[in-house]
1. Go through ALA72, ALA62, ALA83 for me and flag whichever is among the aliphatic types (A, V, I, L, M) and in a loop (DSSP other than H, G, I, E, B).
2. If a residue must be exposed (fewer than 12 other Cβ atoms within 10 Å of the Cβ) and modelled with pLDDT under 95, how many such residues does the range 20-29 contain?
3. Identify, please: which residue in the range 25-60 is in contact with a Pro (Cβ under 7 Å, 6 or more places away or on another chain) and among the hydrophobic types (A, V, I, L, M, F, W, C) and is, among those, nearest to GLU104 (Cα to Cα)?
4. Considering the range 1-15 alone, what residues qualify as being exposed (fewer than 10 other Cβ atoms within 10 Å of the Cβ) and either among the hydroxyl-bearing types (Ser, Thr, Tyr) or modelled with pLDDT of 90 or more (or both)?
5. Which count do you get for residues in the range 1-42 that are of a type in the set (Asp, Glu), in a loop (DSSP other than H, G, I, E, B) and over 19 Å from LEU55 (Cα atoms)?
6. Of the residues that sit in the range 43-59 and are part of a loop (DSSP other than H, G, I, E, B) and of a type outside the set (Asp, Glu), which one is modelled with the highest pLDDT?
7. Quick one: which residue in VAL47, VAL30, VAL21, VAL66 is of a type outside the set (Lys, Arg) and touching a helix residue (DSSP H, G or I) at 6+ places or on another chain (Cβ under 9 Å)?
8. Mind listing whichever residues of the range 9-33 are of a type in the set (D, E, K, R) and either in contact with a Gly (Cβ under 9 Å, 6 or more places away or on another chain) or within 21 Å of ALA90 (Cα to Cα) (or both)?
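The values are calculated or read from the model by the stated rules, or taken from the named source; none is laboratory data. For clarity, every value in this text was computed on a predicted model and none was experimentally measured. Cβ: placed from backbone, ideal geometry, glycine included. Neighbour counts: every protein chain shown.
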Amino acid sequence: MSPEPVPLAALVMDATGSGVVWTLPRGNGVNVNLVRLEGGEAIGEHVNDVVDVVLLGVAGTATVSVDRLEVALEPGTLLVVPAGARRAIAARGGATGYLSVHRERDALMPRKS
């Protein structure tokens, strides 16, 4: 894989809707996803028991709840969510984007054959 810059903030602002707008191809030992949330949208509370997850704010502002402690995630802010912690993420204001980074692992859902 050749190094190419990825314009993260522009990808967030140019996209519409909520979801993953960019991902690093598999096979690099790490999962990296750029997630976009529309203003007011959220990812409900959930637990990841397998890996620590690094969140890096890219655009807008989100509130991240980790074991019910709320932290603001803004562009340039990095947060490590330990494996086993309960977390939820909510966009505040306009569109919000953040990177989710963790050790590569198998997909959460079974693949269709």
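1. Result of the check over ALA72, ALA62, ALA83: ALA83.
2. Going through the range 20-29 one residue at a time, the tally reaches 5.
3. VAL58
4. Those that are exposed (fewer than 10 other Cβ atoms within 10 Å of the Cβ) and either among the hydroxyl-bearing types (Ser, Thr, Tyr) or modelled with pLDDT of 90 or more (or both): SER2, PRO5.
5. 1
6. VAL51
7. Criteria check complete, one pass: VAL21.
8. ASP14
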